[in-house]
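Below is one structure; the comments refer to it alone.
The values are calculated or read from the model by the stated rules, or taken from the named source; none is laboratory data. Computed from a prediction, not measured in an experiment: that's the story for all the values here. So basically every Cβ, Gly included, is an ideal-geometry build from the backbone, and we count neighbours across all protein chains shown. Ligands, DNA and RNA are stripped out before the accessible areas are found, and what is left, the full protein with its side chains, is counted by its heavy atoms. Shrake-Rupley method; radii C 1.70, N 1.55, O 1.52, S 1.80 Å.
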Amino acid sequence: MHQMTLAEIARGLADKKFSSEELTKVLLARIAQLDPQLNSFISLTEELALQQAKAADVRRANGESGALLGAPIAHKDLFCTQGIRTSCGSKMLDNFKAPYDATVVARLAAAGAVTLGKTNMDEFAMGSANESSYYGAVKNPWNLEHVPGGSSGGSAAAVAARLLPAATGTDTGGSIRQPAALTNLTGLKPTYGRVSRWGMIAYASSLDQGGPLARTAEDCAIMLQGMAGFDPQDSTSIDEPVPDYSASLNSSLQGLRIGVPKEYFSAGLDPRIAELIHNSVKELAKLGAVIKEISLPNMQHAIPAYYVIAPAEASSNLSRFDGVRFGYRCEDPKDLTDLYKRSRGEGFGAEVQRRIMVGAYALSAGYYDAYYLKAQKIRRLIKNDFMAAFNEVDIILGPTTPNPAWKLGTKNDDPVAAYLEDVYTITANLAGLPGLSMPAGFVDGLPVGVQLLAPYFQEGRLLNVAHQYQLNTDWHTRTPTGF
């Protein structure tokens with residue numbers, strides 16, 4: 001059962017080959033057996049899962065249907081879940097139980113999805129390796145000595161290890177696509193505003209976007225269908241009709257114009273990954289796509305711009321965690337200033353403190369114009385580059401990451417080296433574009449992903465290209481040894 005995709009589970013439940021309750025029990029047992037070596041979960045919700053599974057079985061018995069009805073999933077632990085710990089991977093929120101469900105959680109629950117638990121993540125989604133979590137690092141199921149990517153590494157590791165078929169993640173600078181690439185999954189970051197951010201604890205509000213992690217594009221289409229849509233409670237949500245993402249999966253790629261930016265193939269890219277990306281291009285050309293070299297001239301400025309904007313927004317968003325209203329509070333504070341200082345100093349980890357300080361500095365008087373304002377101007381130039389490119393092509397293709405997964409601990413003393421792993425993904429967040437990573441091969445036994453970017457609200461096009469690619473390749477079917 002654990003090898004089935006979401007689509008296969010939906011067919012099996014519809015044909016009464018097994019019940020949601022049976023499947024849920026199998027996966028909960030599998031998590032109990034295998035997760036200790038991965039550390040992919042922060043909280044398990046067995047009681048809730050069995051209640052939801054039984055309710056889904058009753059709904060099916062009463063004639064209801066739906067691809068997510070009775071399907072087991074998990075949520076990254078920054079989506080608020082009523083009455084359940086929502087920690088954000090931080091000591092600061094270790095004791096926080098959300099009083100309400102995030103819109104994404106509520107929508108997937110309404111569709112009948114069964115929540116098995118909350119997955120581990122980099123603290124407040126800040127990281128590229130899932131090593132900054134208060135609950136310890138997550139291990140990559142392809143090699144337990146390597147990182148799974150971050151910040152949605154818990155969701156990625158759990159799905160890759162076949163502990164469950166799909167999970168939610170969030171993507172601020174590549175945090176769905178990068179772990180998807182490093183664990184051999186398909187991961188989709190939707191257009192900014194496509195998926196509600198209400199109840200999703202913010203890192204950088206103008207960049208964060210929720211999305212699915214699964215083994216196939218078909219499964220991502222099913223998950224996105226349940227997640228997407230306008231939410232009046234989220235001021236950044238966009239009132240745009242949600243298409244049937246599964247309906248367009250089988251469209252032909254004949255004549256599809258795919259752009260390959262020359263800037264992607266610089267000295268920083270592992271040449272073995274470059275070869276796999278070129279192989280992917282050839283495969284899509286065989287399916288009828290037209291390949292064209294394009295240019296994104298301002299891509300070189302993306303990392304410095306991102307690492308000013310994101311920490312600036314983080315320093316503002318995280319100011320609410322002060323030890324007063326909820327979350328961690330230090331012992332016996334002498335006065336209010338001591339309460340603030342020690343609660344934040346003890347509650348936040350090193351990476352979060354680093355980004356808060358960088359952000360506060362960039363926003364301070366005298367430096368706002370020199371750093372933050374300039375970064376926002378670069379952001380506009382990057383968006384303009386994409387708009388010009390999409391006048392020439394329908395999809396942009398390139399590597400998801402410059403390197404395969406690195407060994408745990410090797411970049412802890414050099415945060416900039418970890419930041420550089422986001423070089424191909426952060427531009428989509430700065431421009432608000434949808435992006436997808438799909439499996440494209442292996443280097444030294446570790447997975448490699450190829451990234452697709454599309455114009456706003458063209459998630460269906462990304463899923464279509466990925467699905468057609470997956471019908472003609474088998475990278476996404478490979479399973480890590482021991483799982």
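Note down the Stokes-Einstein diffusion coefficient of the stretch 143-194 in µm²/s, whole number, using a Kirkwood radius over alpha carbon pairs, 25 °C, and 0.890 mPa s.
225 µm²/s
Work out from phi, with θ = phi - 60° and the Karplus expression 6.51 cos²θ - 1.76 cosθ + 1.60, the ³J(HN,Hα) of each residue of the stretch 58-63, listed in order in whole Hz, and give x for Gly and Pro.
Each residue of the stretch 58-63 in turn: 5, 4, 5, 4, 8, x Hz.
So if I restrict to the alpha-carbon atoms in the stretch 98-246, what is the Rg, and what is Dmax, the biggest pairwise distance, in Å?
Answer for the stretch 98-246, Rg first and Dmax second: 14.3, 44 Å.
Taking K and R as +1 and D and E as -1, what net charge do the other residues with C-beta under 11 Å from the C-beta of LYS17 add up to?
In short, -1.
If you average the sequence gap of Cα pairs under 8 Å that are 6 or more apart and divide by the length of the stretch 312-373, what percent do you get for the contact order?
Result for the stretch 312-373 is 40 percent.
Could you run the Karplus curve 6.51 cos²θ - 1.76 cosθ + 1.60 with θ = phi - 60° over the stretch 427-437 and give me ³J(HN,Hα) per residue in whole Hz, x for Gly and Pro?
Once θ is set to phi - 60°, the couplings for the stretch 427-437 become 4, 5, 6, 4, 8, x, 7, x, x, 9, 10 Hz.
Using per-residue counts of other Cβ atoms within 10 Å, averaged over each peptide, order 7-17, 224-234, 285-295, 84-94 from highest down.
Going from most to least packed, we get 84-94, 224-234, 7-17, 285-295.
Of all beta bridges DSSP finds with both residues in the stretch 70-202, what is the antiparallel percent, to the nearest 5?
35 percent
Based on alpha-carbon atoms only, what is the radius of gyration of the stretch 199-290 relative to the globular estimate 2.2 N^0.38 Å?
Working it through for the stretch 199-290, the quotient is 1.44.
Sorted by average packing, counted as other Cβ atoms within 10 angstrom per residue and highest first, what order do 393-403, 210-220 take?
210-220, 393-403
For the charge dipole of the chain, defined by +1 on Lys and Arg C-beta atoms and -1 on Asp and Glu C-beta atoms about the Cα centroid, which residue among VAL105, LEU284, GLY63 has the Cα displaced farthest towards the positive pole?
Value computed over the given set: GLY63.
Given the -39500 (n - 2.57) contribution per DSSP H run of 4+ residues, what per-residue ellipticity at 222 nm results for the chain, rounded to the nearest 500 deg cm²/dmol?
Estimated from H runs of four or more residues: -11000 deg cm²/dmol.
Counting only protein heavy atoms and a 1.4 Å probe, tell me what percentage of the chain's accessible area is made up of carbon and sulfur.
That share works out to 52 percent.
Students often get this wrong: which residues of the stretch 279-298 have the backbone nitrogen under 16 Å from the point 7 angstrom along Cα-to-C-beta of SER252?
285-290
What's the extension gain from ARG272 to GLN3 if we count 0.36 nm per residue and subtract their Cα-Cα distance?
93.9 nm
What residues qualify as long-range amide H neighbours of SER43, i.e. H under 5 Å apart, gap of 5 or more or another chain, H built at 1.01 Å from N?
Sorted by chain and number, the residues that satisfy this are LYS118.
Could you tell me which residue out of ILE42, ALA217, ALA181 lies farthest along the dipole of the chain toward its positive end? Charges go on the beta carbon: Lys and Arg +1, Asp and Glu -1, centred on the Cα centre.
Sorting the options by dipole projection puts first ALA217.
List every residue whose amide H lies under 5 Å from the amide H of ALA228, counting only residues 5 or more places away in sequence or on a different chain, with H placed 1.01 Å from N in the peptide plane.
none
Quick one: in the stretch 1-88, what % of C-alpha pairs are over 19 Å apart?
43 percent
Sort 453-459, 158-164 by packing, meaning the average of other beta carbons within 10 Å per residue, with the highest value first.
Peptide ranking by packing, descending: 158-164, 453-459.
In whole Hz, with x marking every Gly and Pro, tabulate ³J(HN,Hα) for the stretch 303-310 from phi via Karplus 6.51 cos²θ - 1.76 cosθ + 1.60, θ = phi - 60°.
Running phi through 6.51 cos²θ - 1.76 cosθ + 1.60 with θ = phi - 60° gives 5, x, 5, 4, 7, 9, 5, 4 Hz.
Using the Cα centre as the reference, give the magnitude of the dipole from point charges on the C-beta atoms of the stretch 125-277 (Lys, Arg: +1; Asp, Glu: -1; all else neutral), rounded to the nearest 20 debye.
300 debye
Return one whole number: the accessible area per residue of the chain in Å², for a 1.4 Å probe.
36 Å²
With contacts defined as alpha carbon pairs under 8 Å and 6 or more residues apart, what's the relative contact order of the stretch 190-341 in percent?
This gives 23 percent for the stretch 190-341.
For ARG478 and SER316 in the same chain, what is the full-extension length gain: residue separation times 0.36 nm, less their Cα-Cα distance, in nm?
Contour length minus Cα-Cα distance gives 54.1 nm.
Need one number: nm distance between label points at GLU145 and ALA29, each 7 Å from Cα along Cα→Cβ, rounded to one decimal.
Taking the two extended label points, one gets 3.4 nm.
Mind running the shape call on the stretch 123-168? Use the C-alpha gyration tensor, a ≥ b ≥ c as the square roots of the eigenvalues: rounded below 1.5 for a/c, prolate if a/b tops b/c, oblate otherwise.
Judged from the Cα gyration tensor, the stretch 123-168 comes out oblate (a/c at least 1.5, b/c at or above a/b).
Label-point separation (nm) for LEU420 and ASN279, each offset 7 Å from Cα along Cα-to-Cβ?
Label-label distance for LEU420 and ASN279, simple model: 2.6 nm.
Using the crude model of +1 on Lys and Arg Cβ and -1 on Asp and Glu Cβ, and no other charge, please compute the dipole size for the chain relative to its Cα centre, in debye to 20.
160 debye
Per residue and in cubic angstrom, what volume does the convex hull of the Cα atoms of the chain have?
137 Å³
Taking the Cβ of GLY187 as the centre, find all other residues whose Cβ is under 10 Å away and add up their charges (Lys, Arg: +1; Asp, Glu: -1).
Within the 10 Å Cβ shell, the charges total +1.
Percent of alpha carbon pairs in the stretch 312-373 separated by more than 17 Å?
Counting pairs separated by more than 17 Å, the tail of P(r) holds 45 percent.
Give me, ordered by chain and number, the residues 5 or more places off THR186 or on other chains with an amide H under 5 Å from its own placed amide H.
ALA214, ARG215, THR216
Residue separation times 0.36 nm, minus the C-alpha to C-alpha distance between THR236 and VAL443: what's the value?
Here the segment from THR236 to VAL443 would lengthen by 70.6 nm.
Report the FRET efficiency, 1/(1 + (r/R0)^6), for GLU293 and LYS54, where r is their Cβ-Cβ distance and R0 is 60 Å, rounded to 0.05.
0.65
Consider all pairwise Cα distances in the stretch 220-356 and report the whole-number % of them above 22 Å.
Above the 22 Å cut-off, the stretch 220-356 has 69 percent of its Cα pairs.
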